[in-house]
Amino acid sequence: MTAFRRLDKGGRIDREKSVNFTYDGKSLGGFAGDTLASALLANGKTLTSRSFKYHRPRGIMSAGVEEPNGLFAINGNEPNIPATTVDLVEGLAAQSQNAWPSVDFDLMAVNSFAAPLFQTGFYYKTFMGPFKKSWMFYEPFIRRAAGIGKGSCEKDPDRYETAHEFCDVLVVGAGPAGLTTALVAGRSGARVVLVEQDLELGGQLLSETDRDFEMWRTTQVAELRSLANVTIRTRTTAQGLYDDNLVVLLQRHENHDAARGRPRQTLISLRSKAIIFATGAIERPLVFPNNDRPGVMLASALRTYLNRFAIVPLKRALIVTNNDTAYKTAFDLAEAGIAVTMADHRNVIPSDLLSRAAMLGMAMFPGTGIADVEGAKQVTRVQLAGNHSATIECDVLAMSGGWNPVVHLTSHSGIKPVYDDAIAAFVPGGYAKNHFGAGAVTGKFGFESVIKDGNAAGADAAKAAGFDKPATPVATIGAKDRAYKISPHWAPKTTGKGKAFVDFQSDVTVKDIRTAHDEGYVAVEHLKRYTTLGMGTDQGKTSNINAIGLMAELREMPISQAGTTTFRPPYTGLAVGAIAGRTVGLHFRPYRLSPLHDANKAHGATFIEAGLWMRAWYYAWAGSTPETAYIREMELVRNGVGIADISTLGKIDVQGPDAAEFLNRVYVNGFAKLPVGRARYGVMLSDDGVVLDDGTTTRIADIHYYTTTTTAQAGEVMSWFEYLLQTQWTDLKVHVTSLTDEWAGMAVSGPKSREALQLAFPDADVSNENLPYMGCLDVHLDGVRIRILRLSFSGELAYEVHVPAEYAGSLWEHVLKVAEPLGIRPYGLEALASLRIEKGHVAGLELDHRNTLDDLGLGKIAGKEKSYVGKELRFREALQAPDRWSLVGIELMEPDKKLRGGSILFSAGDEIKGHGRGYITSVTWSTELKKFIALGLYQGGLKHEGEDIICAFPLKNEQVKARIVSPHFIDREGARLNA
Amino acid sequence: MLDRRSALASAKPYTSSVLQIGEAHGFSLLQVAGLAKAISPITGKLPVKVGLAVTSEGRTLMRTGPNQFWIIGPEVDDIETKLPEIAIITPLSHSRTRIVIEGEPARNVLAKGVPLDFHHSAFKSGTFAMTGLHHTPVLVHCVGENRFEIYALRTFAVSVYEWLTDAALEFAR
């Protein structure tokens, strides 16, 4: 069965270029210039889909982005795409949705018989009982059954990009108003971007037959294309308007090819000095029983299919309207030889229309609407009611309920649309600064007046963007505008048995809205949520205003008082892929490589992600798994000498006459009197009194310091310093600069580390006397200045060797080579982090922005007399509570078991339940003690030293016995450090 | 013998007939904080506002803050020793990797990642911007009609370079 056919000639399609595509696996043909919708109609596919709730047969209803019915999965990976917005391209594969086994024979249509079940508020009413948590039980089942299209779980084969763009004047929409404003602004010299969601410029003009219109259109388009300062983006939708004139555009590319880097879509963040909304208007349907049958279509859409795509109803068309514009469709169809019957809700029809209709042999029924539409899978007969009762046989039923200006974008800026009685529709309620409206969006539908207004809006926008040179206005064609007359008709008083749809996509009927009204959901926003009206992928473009009109009628109040819904971005469906752009795979986030990365690789490092860093985890010489390798690496450091990449440490250059004072304020311990050439461990607090970070600072010269931070907090500490200097202590003369990228660092650690350094720097005196613990020495090798700091994270005799980053690789190789006789080898992050646990040094896992100095056993280092950031709040009652979770060491008491990080700690007599008395922060095998040890936070801390505890790990249902001990497992006297 | 090694030493070279993306290795970068009148006798006239770069005696001088400048010179440069003691000097030669992008599509490639106006009339030769690319801070310096030098943090250089070559893919010939 078919309702449509393609004419042998006419339209804008390119008949020289055939295009093959598939629909549910069947091969079909169309032409270049077709949309998927027009190609389906031309192939006689009147029934294309099934509705959301009732699985009713549906067909294409519109010719634009407002399409509620004709949604398809395209090329297997993107669901819910309106066929009216898909350009027909070779090889396109369209799959119907929401029907099984097919749209023609859909078993799910049994839902129609269960219609009473799917009444308004169905979910809320049905699935709330019988128990308190019933909804939680039902929800997964409902979610599975609901929805229209299904997303693919496959990787998206296409490529998406994001981009930024700037201009003086943005024009949204390229109908007569858009073309006019863009040209006027372009002539003024402004940088203009003209966006149009269609593949061609012209808007409604593309559906006209008048040669004067086409001449006008091609003339303006040609001039626009000739202007170097005008960028035209077709297939581009303005999806949202945001603050500061930011408009997000989605551009769909014609020739996309991921392999060649050609994106399928680009999401453009465009900032424009001025914006012109020339977004046009969308025709609205009429509401009558069975108005959703395939073959029922918007009148303007039918005209577009006729004039643009050369598609006509098989023989007969019935048109129902409440305004004059539908007559254009009627006349064009009649002239194309289609038998046209006209039902007009209005009793009085303008005489010129009547006489033209008579001339064309059209049957006219004034004061008449639709009582019912018959036809199981497409329209066959229509029952008229009103002044005339008649049954009309027809192939297609076209409807026009008036025009809704596309006020979405102007609403995004927070300006509510207002109801205009003259056109029975909402228009923008105003414009933000440097925003302008032109054309049908303002409620003006006549060509001449649109051009006149467009000329003014274009000039105003150019002026707002700083281009006040008057530009030549765009010429009109001298036609006479016809006044727009409409007699709104929101819904029939009774709908009989047939469902009269208001929202086609969400299957919301007049009855549903009446029910909502009866149950008190009368505010538009409540109505929407209760009935799901306007909540489909089409966001109610064809339904919202009819629903508001109907609700106003039910409430017996003017529409202006009934309110309007809030339009939110995006204007049309937006693929998540386009939002992500290239933020996928390798580029999901940036990654950071140490200056020693290549050297680490050459030495067999296995890498691990640590924040953004790729860090050397362990090295091949020590083993093939981290569990075994780190133990050999630890043993190397405890007994010989190892070298580790510590370039990731934050490094900050602090210089200026007040540098000492500055550091003295940010660190809890004193730095004012630190001698030149010496380093000091320091801890800093946030202003809330909680520990922010620790590290060392070395005094390089009188007013010059070199600060290191933990890897994790490097950025935060740098920002903190800048914040303090720029906002709090603007009187301090201090400059801070990040040196994290400038300097690489390597730790040379172990009892033989001094010997290793002596071999590496034969001209330097690295003796204990010249370079004591916490000393600093600048040495030179091959003319390169290298900074040696005698610091230890491992607890062994150790040094940090800092070198300008580009020399790091060769210095690393040099040290490994010359110290080879000592058995030096690299050790990785796992060993680095384990050695410090044995020593009891806190790190990122303990410095988690929740612990105080006292919690971490560091209270004693804070200066008593001096002031420092966080001092006052450090002594808050809660932060001084005696039972705070504080740092402890933990030793495993069951040798055949293991400790796990994150284990919950309980006292030996506790019931193993709840959050316990603390948890393990860091755990390692101790090569010195030959057992598992850990650091943790425990209620009351070291007051419980020596007590037995239980470490519970519920994820693996494990409980092991352990003991609270000092966190300093080795060398408490510091003999090794000072060796 | 210690040698200088680029962060991009093992990066995959990018080739296209319309676009060059590569590294301009071997420069010195000195950050100097102080008053222009104290510094300019040594460096030559300094730019009057942030975002402007000038060339003087083989060096590029940029104003990166109200009283802060970048001096970009040859790989070996002794200007540090000549600057007045009152200036706060921070050598940064190793901290940045200089990535050059040149060719007709260069502005379009950059516009994909940098939220700035790259139109010829807006981002002219001799100007620079301190901005972000691929979530990392960069300084983008326009040095010719379609030639830009990007100073990326060294440790992010490979990531930024890979991002750029990926963004350039669609323009490849």
Condition check for A:G466: at pLDDT 95 or above, assigned by TED's automatic domain parsing to the domain that holds A:A278 and crowded, with 18+ Cβ neighbours inside 10 Å: no
Scan region A:418-431 and report the pairs whose first residue is under 10 Å from A:G443 (Cβ atoms) and free of Cβ contacts under 8 Å to residues at least 60 places away in the same chain and whose second residue is aliphatic (A, V, I, L, M) and part of a loop (DSSP other than H, G, I, E, B), with Cβ atoms within less than 9 Å and a gap of 6+ or a chain change. A:V427/A:V407
Give A:A185, A:A177, A:A222, A:A228 a once-over and let me know the one that is over 26 Å from A:G261 (Cα atoms), hydrophobic (A, V, I, L, M, F, W, C), in contact with a strand residue (DSSP E or B) (Cβ under 7 Å, 6 or more places away or on another chain) and not in a strand (DSSP E or B). A:A185
If we keep just the residues of region B:11-34 that are out of contact with any Lys or Arg (no Cβ under 7 Å at 6 or more places or on another chain) and surrounded by fewer than 13 Cβ atoms within 10 Å (Cβ to Cβ), which is farthest from the other protein chains (Cβ to nearest Cβ)? B:P13
Considering only region A:722-750, state which residues are away from chain B (no Cβ under 14 Å) and surrounded by 19 or more Cβ atoms within 10 Å (Cβ to Cβ). A:L724, A:A747, A:V748, A:S749, A:G750
Looking at the structure I just gave you, is B:L8 of a type in the set (A, V, I, L, M), within 14 Å of chain A (Cβ to nearest Cβ) and under 18 Å from the mean Cα position of the chain (by Cα)? yes
Do any residues in region B:80-104 that are within 12 Å of chain A (Cβ to nearest Cβ) and in contact (Cβ under 8 Å) with a residue 40 or more places away in the chain have Cβ atoms under 6 Å from those of residues that are polar (S, T, N, Q) and part of a strand (DSSP E or B), where the two are at least six apart or on different chains, and which pairs are they? B:I88/A:Q655; B:T90/A:T737; B:T90/B:Q31; B:L92/B:Q31; B:S93/B:S28
Looking only at region A:159-166, decide whether some residue is modelled with pLDDT of 70 or more, in a helix (DSSP H, G or I) and surrounded by fewer than 23 Cβ atoms within 10 Å (Cβ to Cβ). no
For region A:668-677, check the following and say yes or no: at least one residue is within 28 Å of A:V815 (Cβ to Cβ), under 40 Å from the mean Cα position of the chain (by Cα) and of a type in the set (G, A, S). no
What number goes with the only condition from (1) assigned to a loop (DSSP other than H, G, I, E, B); (2) among the basic types (K, R); (3) within 23 Å of A:L306 (Cα to Cα) that A:R346 does not pass? (3)
Test B:D77 against the stated conditions and say whether it is more than 13 Å from every other protein chain (Cβ to nearest Cβ), assigned to a loop (DSSP other than H, G, I, E, B), out of contact with any Phe, Trp or Tyr (no Cβ under 6 Å at 6 or more places or on another chain) and among the acidic types (D, E). yes
Look through B:T43, B:T55, B:T60 and report the one residue that is under 19 Å from the mean Cα position of the chain (by Cα) and free of Cβ contacts under 8 Å to residues at least 12 places away in the same chain. B:T55
Residue check for A:G33: of a type outside the set (D, E, K, R) and at positive phi: yes
Sole miss for A:L832 among (1) surrounded by 21 or more Cβ atoms within 10 Å (Cβ to Cβ); (2) within 14 Å of another protein chain (Cβ to nearest Cβ) is condition (2)
Filter region A:608-629 for residues that are under 20 Å from A:L845 (Cβ atoms) and more than 13 Å from chain B (Cβ to nearest Cβ); the one that is farthest from the chain's Cα centre (by Cα) is A:E627
Out of B:S121, B:S125, sole residue that is away from every other protein chain (no Cβ under 11 Å) and without any contact (Cβ under 8 Å) to a residue 24 or more places away in the chain: B:S125
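Taking the residues in region A:637-689 that are of a type in the set (V, I, T) and in a loop (DSSP other than H, G, I, E, B) as candidates, determine which candidate is farthest from the other protein chains (Cβ to nearest Cβ).
Per the stated criteria, the residue is A:V668.
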Residues of region A:862-885 being in contact with a Phe, Trp or Tyr (Cβ under 8 Å, 6 or more places away or on another chain) and not in a loop (DSSP other than H, G, I, E, B), which ones? A:W885
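The values are calculated or read from the model by the stated rules, or taken from the named source; none is laboratory data. None of these values were measured; they are calculated from a predicted model. Every residue, glycine among them, receives a Cβ derived from its backbone with ideal geometry; neighbour counts consider all protein chains shown.
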